[in-house]
Each structure stands twice: as structure tokens, then as C-alpha cells.
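Asker: Here it is, the structure, as C-alpha cells.
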Amino acid sequence: MYEVYKKLKPMKGESAALEAIVHLRATTLVPFDDQLALEAADYSLSLHLHFSDAIIYATARRFGAELHTSDPELRGKPGVVFH
């Protein structure tokens, strides 16, 4: 929520940022278990990702989800839609 709000508020205004947060609250939280930690570490090593980006990327890959991001570090990675 932090990153979404921080990114959207200056670009689209507080109302749009808060609306996005409402939608995020309806999502499923994924526990950060040992296996996900190891998957994230492997992605960090193989794709040269920072800690938080590796966790986000590993989570998306585990669930077969497209990862939509404006983070340049993730641009061009399999399964990533860059905005």
C-alpha cells in the first residue's frame, strides 16, 4: 500500500491514491514463508534484484500472476508488465 499510495498521490491526487488503496484492501495477503524466501533469494541471485523486488517478483511468479510495475529494475523480466 505504501508504494502505491506514494506513487499515485503526486501523479493523480489523493482521491485516486485512496481509491487504489480501497482496491488493494480487497486483495489476498500472501504469507512470506520459508519457501517463498528461498525463491526470492534465487530470483535475486539470477536476475540481480534487490530484496523487496525479489520478494514481489517471486510472489507473482508463484501464483502465475502478471506483475504490473513502474520499477525499472523489473522492466523486461518474464511476467512483468512495465508502465
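Asker: Test each condition in (1) assigned to a helix (DSSP H, G or I); (2) touching a His at 6+ places or on another chain (Cβ under 8 Å) for GLN35 and report the one that comes out false.
Answerer: Of everything listed in (1) assigned to a helix (DSSP H, G or I); (2) touching a His at 6+ places or on another chain (Cβ under 8 Å), GLN35 misses just condition (2).
Asker: Filtering region 1-15 down to residues that are surrounded by 13 or more Cβ atoms within 10 Å (Cβ to Cβ) and of a type in the set (A, V, I, L, M), which residue is modelled with the lowest pLDDT?
Answerer: Narrowing region 1-15 to residues surrounded by 13 or more Cβ atoms within 10 Å (Cβ to Cβ): 4-5, 7-9.
Then keep just the ones that are of a type in the set (A, V, I, L, M); that gives 4, 8.
On the way: VAL4: 91, LEU8: 96.
Taking the candidates together, the pick is VAL4.
Asker: Now for a separate question. Specify which of the listed residues (HIS68, HIS50) is surrounded by 10 or more Cβ atoms within 10 Å (Cβ to Cβ), touching a His at 6+ places or on another chain (Cβ under 9 Å), assigned by TED's automatic domain parsing to the domain that holds HIS83 and at pLDDT 95 or above.
Answerer: On the way: HIS50 fails: touching a His at 6+ places or on another chain (Cβ under 9 Å).
Within the list HIS68, HIS50, the selection yields HIS68.
Asker: Here's another thing I want to ask about it. Among the numbered criteria (1) more than 12 Å from the chain's Cα centre (by Cα); (2) at pLDDT below 95; (3) outside any loop (DSSP other than H, G, I, E, B), which one does THR27 miss?
Answerer: Among (1) more than 12 Å from the chain's Cα centre (by Cα); (2) at pLDDT below 95; (3) outside any loop (DSSP other than H, G, I, E, B), THR27 violates only (3).
Asker: Here's something else I'd like to know. Mind telling me which of the residues ARG25, ARG61 ends up being basic (Lys, Arg) and within 19 Å of LYS77 (Cβ to Cβ)? Give the steps one after another, and end with the answer.
Answerer: On the way: ARG25 fails: within 19 Å of LYS77 (Cβ to Cβ).
Of ARG25, ARG61, the one residue that is basic (Lys, Arg) and within 19 Å of LYS77 (Cβ to Cβ) is ARG61.
Asker: Restricting attention to region 16-47, and to residues there that are β-branched (Val, Ile, Thr) and within 20 Å of VAL80 (Cα to Cα), which single residue is surrounded by the most Cβ atoms within 10 Å (Cβ to Cβ)? Can you show your working first?
Answerer: If we filter region 16-47 for residues that are β-branched (Val, Ile, Thr), which is where we start, we get 21-22, 27-28, 30.
Those left that are additionally within 20 Å of VAL80 (Cα to Cα): 27-28, 30.
Details: THR27: 8, THR28: 5, VAL30: 13.
Going through the qualifying residues, I end up with VAL30.
The values are calculated or read from the model by the stated rules, or taken from the named source; none is laboratory data. Computed from a prediction, not measured in an experiment: that's the story for all the values here. We place every Cβ from the backbone using ideal geometry, glycine too, and count neighbours over all the protein chains shown.
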